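Quick notes on the structure that follows.
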Amino acid sequence: MHTHSLRELLAQAAGEGHAPWRTLLKPGDWALLLAAGVLVAASYPLLWRGGAADRAIVKRDGEVVTELALNVARKYAVTGAIGITLIEVQPGRARVLSDPGPRQYCVQQGWLTRANAVAICAPNHVTLQLAGRGGRNEAYDTLNY
Amino acid sequence: MTRSTIELPVTADDYRIARYAAAAIALSVAEAALPTPLPGIKPGLANIIVLVVLARYGWRDAAWVSLLRVVAGSLVIGQFLAPGFFLALSGAVCSLAVLALAQHLPPRFFGPVSASVLAAFAHIGGQILLARVWLVPHDGVFYLLPLFATAALAFGAINGLVAARLLAIPVSIAEAAPAAMKGAA
């Protein structure tokens, strides 16, 4: 009774005297691996684009003050309960540049890039929220950190 | 004790398929012990056996080994008829379908690595489609597709390389075992 088994096959496979790994790949294999790699890499931006924002909504006391398109750089000042909150918009992103609040949470949050991300400057009653294109397939209802 | 009146004739083919299926089952059970970062992402080592069988004995044997692996493997792990079993079955059926086509690729240019990568993509495709239709009826499952595809590409390539290397072993060694069984039968 022979006892040739997977173990022996694997031992053979790991053994010396074999052709190097790369010789096991034929030209078509290389081409297919390359094409598959490109497709996989392309699938990331394609499927993970959901949640790209295209406008910033600035609210004071829950009421919309203005909507800023995210395609041009600009700054916008809102007067709130205790002073002026300065909003900065750049293509594709927005942030609270300065705020009179004592703890500066909304400023430290930095740039917001995804749809429904929100920065809340509570002391000044001002919020900055990003909004995406279509309402249907948005990635998040709200984003906070 | 009465002698069984039912005689199931066992052919050399049956022994061969059983041997390979046993190897595939052992690999998938061993693999079930590995922690995975995301349900559904695993190396799929049993597919190495399926690729070797496909190259050596053709699609019919490969299909037997693959499906026996899914059924018996799930029995061993205790997953039989659980969602994971149907996901595995769906993946196995899809990858067998793709392998049926892939075996007709010109062998001058395409080796086991191509078959393995294509089968791995079919595997994950079958699983994610079933998950979308049945388990998670929401397009959110496709959100994981890039991760699954990356794993399929990586593990598919590695499994294909291992299969190619196993296939590079002279057939006499690999044939010895089934031949011995034939003698015993």
- [ ] Please specify each residue of segment B:75-88 satisfying the condition of being in a helix (DSSP H, G or I), more than 15 Å from B:Lys42 (Cα to Cα) and without any contact (Cβ under 8 Å) to a residue 40 or more places away in the chain.
- [x] B:Leu75
Task: Residue check, B:Leu45 in contact (Cβ under 8 Å) with a residue 40 or more places away in the chain and over 23 Å from B:Ile158 (Cβ atoms) - done: no
- [ ] Might you check whether a residue that is out of contact with any Pro (no Cβ under 9 Å at 6 or more places or on another chain), closer than 22 Å to B:Phe148 by Cα, among the aliphatic types (A, V, I, L, M) and surrounded by fewer than 20 Cβ atoms within 10 Å (Cβ to Cβ) occurs anywhere in segment B:39-54?
- [x] yes
Open item on the list: Testing B:Gly91 on (1) at pLDDT 95 or above; (2) of a type in the set (Gly, Ala, Ser); (3) over 16 Å from B:Gly160 (Cβ atoms), one condition comes back false. Which one is that?
Closed with: (1)
Open item on the list: Need the failing condition index for A:Ile82 against (1) exposed (fewer than 12 other Cβ atoms within 10 Å of the Cβ); (2) in a loop (DSSP other than H, G, I, E, B), just the number.
Closed with: (1)
Open item on the list: Quick test for you: out of B:Ala88, B:Ala120, B:Ala115, pick the one residue that is surrounded by 20 or more Cβ atoms within 10 Å (Cβ to Cβ) and more than 19 Å from A:Leu32 (Cα to Cα).
Closed with: B:Ala88
TODO: Might you check whether a residue that is more than 7 Å from chain B (Cβ to nearest Cβ), in a loop (DSSP other than H, G, I, E, B) and at pLDDT 75 or above occurs anywhere in segment A:10-18?
DONE: no
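Can you say whether B:Ala21 is closer than 30 Å to A:Leu25 by Cβ, touching a helix residue (DSSP H, G or I) at 6+ places or on another chain (Cβ under 9 Å) and part of a helix (DSSP H, G or I), as far as the supplied structure shows?
Here the answer is yes, as B:Ala21 does meet what is asked.
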Open item on the list: Would you confirm whether or not segment A:44-56 contains a residue that is outside any strand (DSSP E or B), within 14 Å of chain B (Cβ to nearest Cβ) and touching a Leu at 6+ places or on another chain (Cβ under 6 Å)?
Closed with: yes
TODO: Could you list all residues from segment B:118-148 that are facing chain A (nearest Cβ under 8 Å) and closer than 16 Å to B:Leu87 by Cα?
DONE: B:Phe121, B:Phe142, B:Leu145
- [ ] Output the residue which, of all residues in segment B:1-38 that are surrounded by 12 or more Cβ atoms within 10 Å (Cβ to Cβ) and among the β-branched types (Val, Ile, Thr), is nearest to the other protein chains (Cβ to nearest Cβ).
- [x] B:Ile25
Task: Scan of segment A:19-39 for residues that are under 18 Å from B:Arg108 (Cβ atoms) and not in a helix (DSSP H, G or I), ordered by number - done: A:Ala19, A:Leu25, A:Lys26
Open item on the list: Looking at (1) over 19 Å from B:Val65 (Cβ atoms); (2) in a helix (DSSP H, G or I), which one does B:Pro107 not meet, given that it meets all the others?
Closed with: (2)
Open item on the list: Regarding segment B:56-72, can at least one residue be identified that is under 9 Å from the mean Cα position of the chain (by Cα) and surrounded by fewer than 17 Cβ atoms within 10 Å (Cβ to Cβ)?
Closed with: yes
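The values are calculated or read from the model by the stated rules, or taken from the named source; none is laboratory data. If you're wondering where the values come from, they're calculated on a predicted model, not measured in any experiment. Using ideal geometry, Cβ is built from the backbone for each residue, glycine included, and neighbour counts are taken over all protein chains shown.
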